[in-house]
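Derivation of every value follows stated rules applied to the coordinates shown; laboratory data play no part. Not measured: the values here are computed from a predicted model. Every residue, glycine as well, gets a Cβ built from its backbone with ideal geometry; the counts of neighbours run over all protein chains shown.
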Amino acid sequence: MNNNVYKYPKTGHLPTSKSVANDDKIVSQATLDHLQSGIEIICSEKMDGGNVTFMRDAFYARSLDSGTHSWDTRAKQLHAEIAHEIPPLWRISGESMLARRSVGYDNLPGVYMVFGIWDETNTLLSWDDMNDYAEMLNLPVVPLLYRGTSFKDAITAWEKQKDDEVSEGFVLRDAERIAYTEFDQKVAKWVRFNHVRTRADWRHRTDFSLNTFSIN
């Protein structure tokens, strides 16, 4: 695709994930081997929001032709305020958190929470570089649950801090830079059972409930 307008890669499920749909995939053994190889891994909370990408000259949801929904209004306003600070061809991936979906949140640090930043080479920044750049833009990052080299500790970090009433699940990733073409080899997720708990017509409604925020 031109101009680095890429759809966010689909994240494969860990074998123990509780909600795997027919069109989902389980990560390969090679991915599991990589995450268990002693590299530094990150376990972050999988937030129940809307996947939205910020670029200098673009704003789009996970589906490139999906348009802007009413629950993305605040995220779009934020994008307009900071877009000029995003380097050309870079992409910021995050969760649009205005709407209260299957998980409700209170006192969130922002209406848009970053979980990945891609540079002009279509490479996902390291966790540290992502945090540094997000801080420069005054954008909050999704909660970190574990950082270290133990795969076992990483996959149990969520259940030690969260449960399926307050959290959708977690994402594991290699802490270092990840090329777009290697994403499925270095990133995995775990999702709670029956993670979508909204009404069937939720996406067609405009009277949805809102999360609350610690900022105005």
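Odds and ends about this structure:
- Inverse of mean 1/r across different Cα pairs in the range 49-141, Kirkwood, Å: 13.4
- Within the chain, helix-based [θ] at 222 nm, where runs of 4 or more DSSP H residues each add -39,500 (n - 2.57), nearest 500: -5500 deg cm²/dmol
- Relative contact order of the range 101-159, defined on C-alpha pairs under 8 angstrom at six or more residues apart (%): 28
- Once backbone amide H atoms are built at 1.01 Å from N, Leu108 has Thr212, Phe213, Ser214 as its partners under 5 Å, excluding neighbours fewer than 5 places away on the same chain.
- Filter on Lys7/Lys152; Lys7/Lys186; Lys46/Lys152; Lys18/Lys162; Lys7/Lys160 - keep pairs with C-alpha separation over 22 Å: Lys7/Lys152; Lys7/Lys160
- Counting charges near Glu120 (Lys, Arg +1; Asp, Glu -1) among other residues having Cβ under 14 Å from its Cβ returns a value of 0.
- The range 49-141, relative contact order [Cα under 8 Å, separation at least 6], %: 28
- Net charge, Leu35 excluded, C-beta distance under 10 Å - Lys, Arg +1, Asp, Glu -1: 0
- Projecting label points 7 angstrom from Cα along Cα→Cβ for Ala179 and Phe193 puts them 4.1 nm apart.
- Here the simple spin-label model places points 7 Å from the Cα toward Cβ, and for Glu165 and Gln36 these points are separated by 3.3 nm.
- The range 127-197 and the range 11-62 have Cα centres lying 8 Å from one another.
- Per residue, the convex hull spanned by the Cα atoms of the chain amounts to 124 cubic angstrom.
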